[in-house]
Amino acid sequence: MPSNETDTAETPQKLVAVALKRERARAGLSLSEVARRADIAKSTLSQLESGLGNPSLETLWALGNALGVPFSQLVDSQAQTVQLIRAGEGPAIASANASYIATLLAPSPPNARRDLYRIVAEPGEPRISTPHARGTTEHVVIGTGRAQVGPTANPIELGPGDYLAYPGDEEHIFRALEPGTTAILVSEHT
């Protein structure tokens, strides 16, 4: 018997595809121009807009910068009045270069300028982030483990409960020092 319900499950790939098309159209940019600005192959961008592929954190940040939008606008679904994201769920994007996973918990609502992420990281290659949009400040609170966090030239070691704010519009680093390191990161945009 056919169901009257439609499949509303949105995979991260579908969310990214819809958002990329929407933001590229809003900016009035061609596929080639966005690919050039993000320094990725045009074929890669085409695949992502088709809902294919599995973009890395670095690729999505580059695309957000190229389109002039926060990262969260590329992975967020419709806002809900009450939202629950259980540990291990939500739109998680892995770094291509480090054992670092960012899960978007709360994108910036209209008239606000912040995104909230849960970070899970392991020792090894650090996550080095290129500068975000001018005026970005990042706030980090370590939940478990230890990490070096902050400007790449002068990171600060943090432990459970420690809080650090630093300029996100400069190159910055997150280096897990213990297995199972977790943190909450707020990216504040001006």
Are any of the residues in segment 4-21 over 27 Å from Tyr100 (Cβ atoms), at pLDDT below 90 and acidic (Asp, Glu)?
yes
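For segment 22-63: of the residues being closer than 25 Å to Ser99 by Cα and among the small types (Gly, Ala, Ser), which is surrounded by the fewest Cβ atoms within 10 Å (Cβ to Cβ)? Can you show your working first?
Filtering segment 22-63 for residues closer than 25 Å to Ser99 by Cα gives 38-41, 44-45, 47-48, 51-63.
Narrowing further to those that are among the small types (Gly, Ala, Ser): 38, 41, 51, 53, 56, 62.
Details: Ala38: 20, Ala41: 10, Gly51: 16, Gly53: 17, Ser56: 14, Ala62: 20.
Looking at the filtered set, the residue picked out is Ala41.
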Only residues that are at pLDDT 95 or above and of a type in the set (A, V, I, L, M): list them for segment 159-178, please.
Ile173, Ala176, Leu177
Select the strands (runs of 3 or more DSSP E) contained entirely in segment 127-190, then report the ones holding at least 2 residues which are more than 19 Å from Asn97 (Cα to Cα) and touching a strand residue (DSSP E or B) at 6+ places or on another chain (Cβ under 9 Å).
137-144, 156-158, 163-167, 181-188
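The values are calculated or read from the model by the stated rules, or taken from the named source; none is laboratory data. Please read all numbers here as calculations on a predicted model, not as lab measurements. Cβ sites come from the backbone with ideal geometry, for glycine too, and all protein chains shown count toward neighbours.
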